[in-house]
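Each remark here refers to the structure printed beneath this line.
The values are calculated or read from the model by the stated rules, or taken from the named source; none is laboratory data. Just so we're clear, the structure is a prediction, and the values are computed from it rather than from any experiment. Cβ atoms come from the backbone with ideal geometry, glycine included; neighbour counts cover every protein chain shown.
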Amino acid sequence: NCKNADDVLKAVKEYDVSFIQFWFVDVLGVLKSFQVTPSELEGAFEEGMGFDGSSIEGFCRIQESDMVAFPDPTTFQLVAWRPTEKPVARMFCDIKNPDGTPYEGDSRYALKRMTEKAAEKGYAFYVGPELEFFLFPNERETTLLDRGGYFDAPPLDLGNDVRRDIIFALNKMGIVVEYSHHEVAPSQHEIDLRYQEAVKMADTAVTYRVIVKETARKHGCYATFMPKPLFGQNGSGMHVHQSLFKNGKNVFFDPKGEYNLSEECRHYIAGLLKHAPEITAICNQWVNSYKRLVPGYEAPVYVAWARRNRSSLIRVPMYKPGKEAATRIELRSPDPACNPYLAFAVMLAAGLKGIEEKYELPAPVEEDIFEMNEAERAKYGIESLPGSLNEAIEAMEKSEVVKEALGEHIFNKFIENKKMEWDAYRTQVTEYEIKKYLPLL
Ligand code: GLN
Ligand code: MG
Ligand code: MG
Ligand code: MG
């Protein structure tokens with residue numbers, strides 16, 4: 001575990017590292033990487049490594065494309081999927097302008113700025129995501145590899161071997177795993193990570209996705225974080241457990257509060273609920289994401305909170321009631337194909353807004369919301385999440401909270417990109433339409 005540039009330089013010598021990958025993500029959370037040799041490293045820590053930002057999605061225009069990547073020494077790790085002899089290492093980077101100011105298009109910077117804003121109020125933001133994924137034979141077909149279901153124990157099949165090796169690889173890179181199990185859908189798995197501070201966790205989520213994919217590849221299959229690959233089956237979610245700490249104490253916990261929740265926690269939940277439609281485009285950024293957010297598949301559709309109800313958007317887990325450190329809330333809408341930096345940033349922004357403005361928390365809804373009709377939902381004041389990427393973009397476009405959280409650059413680039421995606425999708429003629437209309441009309 002390196003603390004500074006000197007530690008990294010020492011480690012590179014000690015382990016005889018051959019290349020160091022410099023990692024960052026584009027505005028959609030897609031990993032970008034370039035490699036440097038050990039001889040370049042010292043200079044890179046001092047002056048950064050220049051690169052052309054104009055071909056990176058959501059970065060900048062040709063005329064102003066010189067960017068500089070500064071490696072963050074605390075993220076130095078040997079990558080687990082490369083040979084142990086002459087190993088390869090990686091570090092996450094902060095992206096800066098040539099004049100040394102932070103680059104506004106850098107997602108990691110947006111999250112850092114947001115967590116620093118929280119820190120000014122004394123809050124440290126902790127998150128624990130549950131990233132679900134499917135295993136398929138390759139990237140062109142969704143043939144099932146198993147017929148397992150939720151928590152099914154082995155018949156020892158390929159999926160179990162892949163999962164086991166993923167956990168070994170995660171551990172090797174310093175990532176602590178809490179649970180892993182077969183998920184509800186066939187060929188679907190989940191590995192849950194020990195909660196961490198948000199910037200670290202966003203780095204970890206990016207690493208997790210690479211490790212899952214690389215490990216699957218080694219086993220001759222393909223792992224996908226596509227939110228809804230199979231019609232008629234559960235999709236893949238990324239539930240995010242969240243808490244705020246102040247001076248080492250969990251501020252969501254109050255032994256005297258209802259359900260052991262503090263006033264601050266209640267305002268935080270209220271903030272997430274109120275701004276939920278606005279942050280959905282970030283948490284569910286693909287056309288396909290909205291195929292998951294439909295009734296009947298344990299994914300949320302309506303804006304409500306509950307202690308137990310798994311159809312609600314926010315749940316308050318009660319595994320260890322009364323235990324301070326375990327007190328948290330779970331946002332169930334995000335999917336694992338999001339940009340985790342931006343997703344954590346907008347969640348925190350919405351929650352903090354709730355605390356700042358002391359939003360009133362509506363009553364929990366423990367009944368099954370999917371069983372209610374529209375009138376009943378209206379009676380409880382239960383709104384819906386956006387039903388499509390298009391609706392989500394419209395809600396985001398009006399959002400001051402999201403604009404402020406992401407900064408104008410990312411906010412605009414993201415919307416621009418997503419409008420293009422929606423337009424490309426909107427004009428497609430799908431299998432469904434051919435099957436339905438060709439015989440009919
Ligand atoms: N796969 C479900 C979703 O889309 C979650 C299922 C679960 O974790 N119980 O969110
Ligand atoms: Mg889970
Ligand atoms: Mg799950
Ligand atoms: Mg969960």
Just checking, does the range 69-82 include any residue being over 24 Å from the mean Cα position of the chain (by Cα) and part of a helix (DSSP H, G or I)? no
Using the structure shown, decide if residue 205 is under 22 Å from residue 234 (Cα atoms) and under 20 Å from the mean Cα position of the chain (by Cα). yes
Within the group 384, 388, which residue is among the small types (Gly, Ala, Ser) and touching a helix residue (DSSP H, G or I) at 6+ places or on another chain (Cβ under 6 Å)? 388
Among the residues of the range 13-61, write down those that are assigned to a strand (DSSP E or B), small (Gly, Ala, Ser) and within 23 Å of the chain's Cα centre (by Cα). 33
Residues of the range 217-265 being aliphatic (A, V, I, L, M) and over 20 Å from the mean Cα position of the chain (by Cα), which ones? 230, 251, 261
Residues 315, 377: which one is among the basic types (Lys, Arg) and within 16 Å of ligand 2 (Cβ to nearest atom)? 315
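Residue-by-condition table, conditions (1) away from ligand 3 (no atom under 13 Å from the Cβ); (2) of a type in the set (Lys, Arg); (3) closer than 25 Å to residue 341 by Cα:
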| position | (1), (2), (3) |
| --- | --- |
| 165 | yes, no, no |
| 191 | no, no, yes |
| 198 | yes, no, yes |
| 201 | yes, no, yes |
| 210 | yes, no, yes |
| 222 | yes, no, yes |
| 241 | no, no, yes |
| 244 | yes, no, yes |
Please verify whether the range 183-205 includes one or more residues that are of a type in the set (Ser, Thr, Tyr), surrounded by fewer than 18 Cβ atoms within 10 Å (Cβ to Cβ) and either more than 16 Å from ligand 4 (Cβ to nearest atom) or more than 30 Å from residue 114 (Cα to Cα) (or both). no
So in the range 38-65, with the set limited to residues that are in contact (Cβ under 8 Å) with a residue 24 or more places away in the chain, within 25 Å of residue 408 (Cβ to Cβ) and touching a helix residue (DSSP H, G or I) at 6+ places or on another chain (Cβ under 8 Å), which one is surrounded by the fewest Cβ atoms within 10 Å (Cβ to Cβ)? 57
Among the residues of the range 1-37, which ones are in contact with a Leu (Cβ under 8 Å, 6 or more places away or on another chain) and either surrounded by fewer than 16 Cβ atoms within 10 Å (Cβ to Cβ) or among the basic types (Lys, Arg) (or both)? 15
If a residue has to be at pLDDT below 95 and either over 21 Å from the mean Cα position of the chain (by Cα) or more than 24 Å from residue 230 (Cβ to Cβ) (or both) to count, how many in the range 287-314 make the cut? 6
Would you mind finding the one in 217, 194, 209, 266 that is basic (Lys, Arg) and within 16 Å of ligand 2 (Cβ to nearest atom)? 194
From the list 405, 395, 375, 424, exactly one residue is part of a helix (DSSP H, G or I), away from ligand 3 (no atom under 16 Å from the Cβ), crowded, with 21+ Cβ neighbours inside 10 Å and of a type in the set (Gly, Ala, Ser). Which is it? 405
By my count, strands (runs of 3 or more DSSP E) wholly in the range 185-298 with at least 1 residues that are under 27 Å from residue 27 (Cα atoms) and out of contact with any helix residue (DSSP H, G or I) (no Cβ under 9 Å at 6 or more places or on another chain) are 188-193, 238-246
Could you look through the range 169-182, keep only residues that are in a helix (DSSP H, G or I) and touching a residue at least 40 places away in the same chain (Cβ under 8 Å), and pick out the one that is farthest from ligand 4 (Cβ to nearest atom)? 172
Looking only at the range 147-158, decide whether some residue is modelled with pLDDT of 95 or more, more than 16 Å from ligand 4 (Cβ to nearest atom) and among the acidic types (Asp, Glu). no
